[in-house]
Ligand SMILES: C[S@@+](CC[C@H](N)C(=O)[O-])C[C@H]1O[C@@H](n2cnc3c(N)ncnc32)[C@H](O)[C@@H]1O
């Protein structure tokens, strides 16, 4: 990972723990998980067809059958434990260095060498879909503040991500943002956006490439989680990239109507809710200038009933509860309901910026992306 002075430093024991968890997860992904497909194809699927006189018709049927399978249960238990261990391995160094990190973030926020900004709103209600459980098992999720001016959630997320995804988002964790920029440029070759809004930015990993790629644009990024925003702001200032971060809810941002050329999000929508999804698409429509573009990129949901079942592992075992609903939702129809013209809203796929070996979608991997033009 690229070094920036907000990154957690690890002691030998901490580093070896992180290395172990990363290797353990790689082993599960490369050596154990592929066996689930084999068990499914060679044993579970033929047995089901024999007993029912027909193949599996949907991922619900696959799920009901597969969760009783020993091989799947073994992988699932190990996978869950590896996720818990991942957070343990980064929480300890974060706790040890927290005072120092907070001091650094405060200093950068005061000096603002890149000219970005940070606006926090301690009164902003945190949506229930974040407070009801620790999302993807991150202790305290994104928003919890353990101390004054806390940045722990941001530091923990930043350090956990390369372990979670085995470094596939690159040394700066920014390849999702780069994939979406490439996709946007491919579709809208002449676009020169002047104002860009990134919703659900967390620590700004995907925001920074937009701000770097469009240096003349005013880039805004919002999140409900103050500890992540403080970290994001400090990180951007350190990188010399001006971004305007604000603690606002994507469902109701408070920005002026028709004030952005592009409104986008990267892997945010699966962590919201049914009601929130409608609201934030409606809000995206409201915020766009005529001719502006909405882009909501999210995680793949599987290409067949087996892949859909596997992608839902995160739902039942990793507190990504809302993602269950997203598998069946027609996002383009939601965009039309929000005001976009039919024919100007569609589902597309942003190809990965570089090779990515996604656990459930190794063939023809793309990031499913809702695109709409106002
Ligand atoms: C998986 S993270 C997104 C990662 C980030 N976009 C990136 O590409 O690195 C989801 C983020 O969305 C934020 N979020 C979820 N619902 C939100 C809402 N209604 N308004 C603003 N932020 C929200 C969460 O707090 C969290 O930081």
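Numbers at a glance
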item	result
Residue order, fewest to most surrounding Cβ atoms within 10 angstrom, among 267, 163	267, 163
Residue 95-residue 5 FRET efficiency (beta carbon distance; Förster radius 25 Å; 0.05 resolution)	0.85
Potential lengthening between residue 43 and residue 274 on full extension [0.36 nm per residue; Cα-Cα distance subtracted]	79.6 nm
The range 1-116: relative contact order in percent, alpha carbon pairs under 8 Å with at least 6 residues between	43
Cα centroid separation, the range 133-187 to the range 64-81 (Å)	27
Protection proxy ranking of 286-292, 145-151 - average other beta-carbon atoms within 10 Å, highest first	286-292, 145-151
Spacing of the two label points (7 Å from each Cα toward its C-beta) at residue 16 and residue 348, in nm	5.0
Ordering of 22-28, 259-265 by burial proxy (mean other Cβ atoms within 10 Å per residue, highest first)	259-265, 22-28
Normalised convex hull volume, the range 148-260, alpha-carbon set, Å³ per residue	111
Distance between modelled label sites at residue 145 and residue 32, nm, 7 Å Cα→Cβ extension	3.9
Inter-site label distance for residue 119 and residue 69 at 7 Å from Cα along Cβ, in nm	5.1
Residue 80/residue 194 FRET efficiency (R0 45 Å; Cβ-Cβ; nearest 0.05)	0.50
Packing-based order for 50-58, 217-225, using average beta carbon neighbours within 10 Å, highest first	217-225, 50-58
Convex hull volume per residue in cubic angstrom - Cα atoms of the chain	132
Antiparallel DSSP beta bridges within the chain, percent to nearest 5	35
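No value in this document is a laboratory result; all are computed from the given coordinates. Being a predicted model, the structure only gives us computed values, none of them experimental. Please note: Cβ atoms are built from the backbone with ideal geometry, for glycine as well, and neighbour counts cover all protein chains shown.
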